[in-house]
Amino acid sequence: MKNLISYDPMADTGVDELFRGFFKPVRWEGAQAPVMVKMDVTETADGYLVHAEMPGVRKEDINVSIEGNQVTISAEVKRETEKKEGDRVLRSERYFGNVYRSFTLPADLDEPKCEASYEKGILELKLVAKAATPGKKLQIK
C-alpha cells in the first residue's frame with residue numbers, strides 16, 4: 001500500500017513563482033529604494049555593543065542620540081562624483097540621501113559613559129546600561 005501525501009497547491013513553487021511580485025507596487029527605473037542601516041547588537045557584561053554598517057559616510061555626517069533606552073542613528077550619505085564632459089551615466093545604483101535607524105534596548109543607558117567610534121564604514125557603539133536600582137518598599141499607614 002502506498003503512503004498518502006497531502007498536496008498543497010499553494011506550496012508548489014510554480015504557483016509561487018507565478019504570483020511573486022504581482023502585488024508589489026510598480027517602481028520606476030531609477031527610483032531610490034529605502035536604505036536600512038544594518039547592524040549587530042550584542043549584550044555585554046556592562047551593557048550593549050552595536051556594530052552598524054554605514055559605508056560611504058563621513059564620521060562628521062553621523063549623529064547618534066540616546067534617550068533613556070532608545071538609540072537613534074542618523075546620517076547623510078553624500079554623492080561625490082566628478083562628471084566630465086562627454087561622460088554619460090548608464091546606471092546608478094549607489095544610494096545617497098539620509099539614512100535613519102532607531103531601536104529600543106531592554107535597559108536604560110548611562111549616556112555619559114557611552115562611546116562611539118567609526119572606522120572603515122563600521123560605526124561601533126559601546127552602550128553602558130544604568131545600574132539597576134533596588135525596588136523601594138513602601139510602608140503602609
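What the phi angles of the stretch 50-67 give under the Karplus curve with 6.51, -1.76 and 1.60, with θ = phi - 60°, is a coupling list of 10, 10, 10, 7, 9, x, x, 10, 7, 5, 5, 9, 9, 10, 10, 10, 10, 9 Hz, glycine and proline written as x.
Counting only residues at least eight positions apart within a chain, or on another chain, there are no lysines with an alpha carbon under 23 Å from that of K83. Taking other C-beta atoms within 10 angstrom as a stand-in for reagent exposure, S92, S74 fall in the order S92, S74, fewest first. For the cross-link pairs K38/K59; K38/K78; K113/K137; K113/K136; K59/K84, the ones whose C-alpha atoms lie over 23 Å apart are K113/K137; K113/K136; K59/K84.
When I62, I73, I140 are sorted by how many other C-beta atoms sit within 10 angstrom of their C-beta, beginning with the fewest, the order is I140, I62, I73. Of the GluC sites (Glu not before Pro) found in the stretch 92-141, those in coil by DSSP whose Cβ has at most 15 other Cβ atoms within 10 Å are E93.
Residue-wise HN-Hα couplings along the stretch 69-76, as the Karplus relation 6.51 cos²θ - 1.76 cosθ + 1.60 with θ = phi - 60° gives them from phi, are 10, 9, 10, 10, 10, 9, 7, 10 Hz; Gly and Pro carry x. When each of R88, R58, R79, R101 is scored by the number of other beta-carbon atoms lying within 10 Å, the sequence from fewest to most is R88, R79, R58, R101.
Each reported figure results from applying straightforward, stated rules to the coordinates on display, with no laboratory input. Keep in mind that this is a model prediction, so the values were computed, not measured. With ideal geometry, Cβ positions are generated from the backbone for all residues, glycine too; neighbour counts draw on all protein chains shown.
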